[in-house]
Amino acid sequence: MKKHIVGIDIGGTKLATVVADENANILYKTRKPTLAEKGPDYAIQLLFDMVDETVAAAGLKQEAISAIGVSCGGPLDTKTGVVYSPPNLPGWDALPLKARLEAEFQIPTTIENDANASALAEWRFGGGRGYDIVLYMTMSTGIGGGLVVNGQIYHGANDSAGEVGHQILLPDGPRCGCGKRGCLEALCAGPAIARRAQEAVQKSPKTALLKLTDGDARAIKSEHVLAAARDGDALALQLIEETAYYMGWGIANLLNILNPDIVLIGTIAMAAGDLLLQPIRETVAKMAMARPVDAAQIMPAQLGENLGDMAALALVV
Ligand SMILES: [Zn+2]
């Protein structure tokens with residue numbers, strides 16, 4: 001009986017394969033380093049082996065697998081299954097990933113960019129359960145996003161929708177990884193929070209932030225800012241306020257345009273909780289229009305460590 005599914009999570013540092021039952025209960029999981037510097041052929045052969053290993057370890061034969069879902073860094077084309085040069089996967093240029101997997105396993109395969117797949121997973125298994133219009137935002141080394149409308153990912157004209165982190169808030173602001181200036185990502189992603197903190201400590205040497213890194217300003221990361229803010233450090237609290245202000249500004253724009261039922265924010269917001277979310281909500285309430293503010297909850301995402309696995313499985317469950 002073909003009742004089981006396989007999920008593949010492809011990241012710049014790790015590859016994961018999982019086998020699950022028809023309800024996405026994970027039976028077995030394999031995880032290995034991507035070794036991205038070895039290029040796509042190495043990684044794909046490794047994935048072939050990992051899928052075989054994971055299916056066998058779950059006590060199944062390949063005939064038991066009905067579908068494979070793949071969550072991978074974009075850009076990519078969901079219809080053709082071709083991956084186009086994700087920043088964290090050098091050499092993956094116009095790579096026919098879906099075709100390679102289907103040729104190997106003869107199993108229908110669905111490919112999706114990781115932020116969209118994560119949004120679908122939050123809708124199906126996490127904080128978005130029961131909501132019609134779910135906006136999911138990542139908040140870690142970058143700020144990505146995905147929109148799920150009535151259970152379907154909104155892809156846009158060519159799979160480019162959901163780039164919530166590249167809305168420009170300050171045209172003369174800090175340079176973003178995308179090449180533009182003043183994007184939300186360049187103001188609020190983990191490295192941006194760290195950079196603002198590293199600059200700010202020069203003027204406030206008494207901050208607890210420097211104690212957390214033994215006086216080394218360059219070692220300050222966003223998690224130090226959260227820890228110091230929790231202990232009431234004035235500078236860290238100010239950095240959290242600034243971050244919440246820009247996040248709130250960006251989310252206010254998204255609420256006015258998309259009118260979601262719920263906005264779920266990942267990693268840093270999950271770690272920070274109301275310390276960050278409450279000032280975000282206050283900014284959003286001031287800056288967005290009243291009707292979309294009334295409709296939308298702003299909450300931490302719920303899927304943590306196994307988000308990548310659930311994202312891949314959500315595509316085929
Ligand atoms: Zn950008």
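The numbers here are math on the coordinates, done by the rules we state, and not lab data. It should be emphasised that the depicted structure is a prediction, and the values quoted were computed from it without experimental measurement. When we count neighbours, we look across all protein chains shown, and the Cβ atoms used for this are built from the backbone with ideal geometry, even at glycine.
Only helices enter the 222 nm calculation for the chain: every DSSP H run of n ≥ 4 contributes -39,500 (n - 2.57), and dividing by all residues gives -12000 deg cm²/dmol, rounded to 500.
In summary, segment 67-131 shows an alpha-carbon radius of gyration equal to 1.21 times the 2.2 N^0.38 Å reference for compact globular proteins.
Electrostatic bookkeeping for V317 treats Lys and Arg as +1 and Asp and Glu as -1; over the other residues with beta carbon under 10 Å from its beta carbon, the sum is -1. The radius of gyration of the Cα set in the chain, together with its Dmax, comes out at 20.4, 66 angstrom. Take every Cα pair under 8 Å whose residues are at least 6 apart in sequence, average their separation, divide by the length of the chain, and the relative contact order is 18 percent. Structure shown: which of K2/K79; K180/K206; K32/K61; K32/K180; K180/K203; K211/K286 lie over 26 Å apart, alpha-carbon to alpha-carbon? Going by Cα-Cα distance, K180/K206; K32/K180; K180/K203; K211/K286 fall outside the 26 Å limit. Across segment 45-119, the relative contact order, built from alpha-carbon pairs under 8 Å that are at least six residues apart, equals 32 percent. Ellipsoid semi-axes for segment 127-300, based on the Cα gyration tensor and the rule √(5λ), read 29, 17, 14 Å when sorted largest first. Within segment 116-189, the percentage of alpha carbon pairs spaced more than 15 angstrom apart rounds to 55%. Full extension of the chain segment joining K3 with E282 gains 95.8 nm, where the gain is 0.36 nm per residue of separation less the Cα-Cα distance.
Between E104 and E199, the simple label model (points 7 Å from Cα in the Cβ direction) yields a spacing of 4.5 nm.
Could you tell me whether segment 215-286 comes out rounded, prolate or oblate from its Cα gyration tensor? Rule is a ≥ b ≥ c as square roots of the eigenvalues, rounded for a/c under 1.5, then prolate if a/b exceeds b/c, otherwise oblate. Prolate, since a/c reaches 1.5 and a/b exceeds b/c.
Compared with the alpha-carbon gap, the fully stretched path from S160 to R230 is longer by 21.5 nm at 0.36 nm per residue. Using Cα centres only, tell me the gap between segment 153-169 and segment 84-107 in whole Å. Spelled out, the Cα-based centre of one part sits 22 Å from the other. Computed extension length for C178-K211: 8.5 nm, one decimal, from 0.36 nm per residue of separation with the Cα-Cα distance subtracted.
Working from label points 7 Å from Cα in the Cα-to-Cβ sense, the D294 to E241 distance is 3.1 nm.
Given Cα pairs under 8 Å that are at least 6 residues apart, what percent is the relative contact order of segment 127-300?
23
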